[in-house]
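Enquirer: One structure is given below, represented as structure tokens, and several questions about it will come after.
Please treat every number below as a calculation from the coordinates, not as lab data. The shown structure was predicted, so the numbers you read here are calculated from the model rather than taken from an experiment. Heads up, the Cβs are rebuilt from the backbone with ideal geometry, glycines too, and the neighbour counts pull from every protein chain shown.
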Amino acid sequence: MLIAGEASGDTLAAELVGALRQKVVASSLDSTTDVQPLHAALAPQFFGAGGPRMAAAGVELAFDLTQHSVIGISDVFKNIFKFHRLFRQLFRLALERQPDVIVGVDYGGFNLRFGRAIKQHVRANRSPFNNWNPKIVQFVSPQVWASRPGRAYQLRDNHDLLLSIFPFEKDWYSRRVPKLRVEFVGHPMIGRSLKSEVKSLKSSGVPTVLLLPGSRADEVRRHLPVVVGAFEWLRRDVPGLRATMVLPNEALLESVKASGLPSGLELQVGNLSTALGKADLAITKSGTITMECAAFGVPAVVFYKTSWPTYLIGRQIVNVKYLAMPNLMAGEEIYPEFIQDAATAENISGAALALLRHESRRTVVKSKLADVVASLGKPGAASRAADAILSLMP
């Protein structure tokens, strides 16, 4: 059983399913040379909740959880009854199907609670006639090192395996909850795109800026005036500047079109790798996307705006200096960051212009990004994650 609630988790879960299927089938093949082997390969069954990529990978979905993705604590509270209903639906499904392994893919707020609910049920209902006790796995650590570190103890008590994608996390957990098994499998974006081939697409001449306002409707609504405004400010100083805005689906593209856009700004659905390969600079919201910019060596300016209740709560519980993961890993502000009130078109365009005008700055940024990316491991995160999960099986 797999549960993924966001687009990035949907992709990651689909890759994991492919790796698990391949390894299980390979291990179940009989090595005999008999014409009629003793047994045939048995493909594993996958079910749960996720998105279109999981469905395409052969996961039987109870519903598309990615359609219900929200951002921020205030939005979670607004939708609390809906999420409670979806949670109970998946909980009942787990009890009915009794999977051997339950994998939560990112989406920590939901998946940590789900793992705890399953384990509590198992502990309360163990008997000689009921020995179901699934292995609980979390693929991608919640950012416990940034906020609410107490969640590490929840993971220790209810999870059999935590699959980490950042190298510093294993040591962080080992110092606090040494009994929790944590495996660093590398970052899934490494090897996902052929960087050398994509880079060959880069054009010369007038700089190209990539605008990345987000993947959720609410994010795009808040961020669109900021990124479009920053582009218009930049055009005043760099005549002929071109920009591409990448959006995850046609629905968001149509909503952005309807808002009206300045000349020189193109829209694109998906295919982020190609866009990164052509970009001289990215203006991007914080989150996973900053690591994708880093993987392609693209200098970026990072911003984020959220609802005020979410922002005020976040200020109380977040205890890291930076939001962008490349900055956190480097311990310095490689990417300029502008959060909430500071995330204005003027501020962002000023930082972007400084990078566009000074090639030496961009060179330094690219060098530091290369060091960050080198620490993320080699290609094959999904394969290593599959090996770790299968090691839990008898």
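Enquirer: Each residue of the range 125-132 in order: what ³J(HN,Hα) in whole Hz does its phi give by Karplus 6.51 cos²θ - 1.76 cosθ + 1.60, θ = phi - 60°, with x for Gly and Pro?
Expert: Ordered by residue, 3J(HN,Hα) equals 10, 5, 7, x, 9, 9, 10, 5 Hz.
Enquirer: Moving to a separate point now. Among the listed pairs K278/K368; K82/K305; K82/K321; K278/K366; K119/K179; K285/K368, give every one whose C-alpha distance is greater than 22 Å. Don't skip to the end; give the middle numbers.
Expert: Numbers: K278/K368 20 Å; K82/K305 25 Å; K82/K321 34 Å; K278/K366 15 Å; K119/K179 17 Å; K285/K368 20 Å.
Beyond 22 Å: K82/K305; K82/K321.
Enquirer: What 222 nm value per residue comes from the helices of the chain, counting each DSSP H run with n ≥ 4 as -39,500 (n - 2.57) and dividing by all residues, nearest 500 deg cm²/dmol? Don't skip to the end; give the middle numbers.
Expert: Working: 17 runs with 190 residues, N = 394.
That comes out to -14500 deg cm²/dmol.
Enquirer: If amide H atoms are built 1.01 Å from N in the plane of the peptide, which residues on other chains or at least 5 residues away come under 5 Å of the amide H of L267?
Expert: Here M245 satisfy the definition.
Enquirer: Related question: Fully extended, how many nm does the chain gain between E250 and A26 (0.36 nm per residue separation, minus their Cα-Cα distance)? Walk me through the intermediate numbers first.
Expert: Details: separation 224, 0.36 × 224 = 80.64 nm, distance 3.85 nm.
Full extension of this stretch gives 76.8 nm more.
Enquirer: What residues have an amide H closer than 5 Å to that of L161, excluding those fewer than 5 places away on the same chain, when H is modeled at 1.01 Å from N in the peptide plane?
Expert: Result for L161 returns I136, Q138.
Enquirer: At 0.36 nm per residue, minus the direct Cα-Cα distance, what do R236 and Q120 gain on full extension? Give it in nm, one decimal, please.
Expert: Working: separation 116, 0.36 × 116 = 41.76 nm, distance 6.02 nm.
Going from the current span to full extension adds 35.7 nm.
Enquirer: What percentages make up the Cα-Cα pair-distance distribution of the range 195-374 when the bins are 5 Å wide from 0?
Expert: 1, 8, 18, 22, 22, 16, 9, 3, 1, 0
Enquirer: Just to be sure I understand the model, the point goes 7 Å from the Cα along the line to the Cβ. What's the resulting D387 to E183 distance in nm?
Expert: In this crude spin-label approximation the distance works out to 0.8 nm.
Enquirer: Amide H neighbours of R242 under 5 Å, at least 5 residues apart or on other chains, H built in the peptide plane: list them.
Expert: Amide H neighbours of R242, under 5 Å, 5+ apart: V209.
Enquirer: Same structure, new question: Select one label from [x] 22.0, 85; [y] 22.4, 76; [z] 20.8, 66: the one whose number is Rg and Dmax of the Cα atoms in Å as derived from the coordinates shown.
Expert: [y]
Enquirer: Using θ = phi - 60° and the Karplus relation 6.51 cos²θ - 1.76 cosθ + 1.60, list the HN-Hα couplings for the range 386-394 in order, rounded to whole Hz, with x at every Gly or Pro.
Expert: With the stated coefficients, the range 386-394 comes to 4, 4, 5, 5, 5, 5, 6, 7, x Hz.
Enquirer: Something else about it: Using the charge dipole of the range 333-377 (Lys, Arg: +1 at Cβ; Asp, Glu: -1 at Cβ; taken about the Cα centre), state which of A351, I334, V364 has its Cα farthest towards the positive end.
Expert: V364
Enquirer: Here's something else I'd like to know. First select every other residue whose beta carbon is under 13 angstrom from the beta carbon of Q143; then total the charges, Lys and Arg +1, Asp and Glu -1. Please report the intermediate quantities before stating the final value.
Expert: Details: positive: R148, R151; negative: D106, E169.
With Lys, Arg at +1 and Asp, Glu at -1, the neighbours total 0.
Enquirer: Could you work out the local net charge near L90, counting Lys and Arg as +1, Asp and Glu as -1, over the other residues with Cβ closer than 12 Å to its Cβ?
Expert: Numbers: positive: R85, R88, R92, R97, R113; negative: E96.
My count for the surroundings of L90 gives +4.
Enquirer: OK, next. For S375 and E60 in one chain, what is 0.36 nm times their gap in residues minus the Cα-Cα distance, to one decimal in nm? Could you put the intermediate results ahead of the total?
Expert: Working: separation 315, 0.36 × 315 = 113.40 nm, distance 3.53 nm.
That pair, S375 and E60, stretches by 109.9 nm at full extension.
Enquirer: May I pose another question? Using the Karplus curve 6.51 cos²θ - 1.76 cosθ + 1.60 with θ = phi - 60°, what ³J(HN,Hα) values do you get for each residue of the range 222-227, in whole Hz, with x for Gly and Pro?
Expert: Karplus values, whole Hz, x for Gly and Pro: 6, 8, 4, x, 5, 6.
Enquirer: How far, in degrees from 0 to 90, does helix 80-97 lean away from the longest principal axis of the Cα atoms of the chain, to the nearest 10?
Expert: 40 degrees
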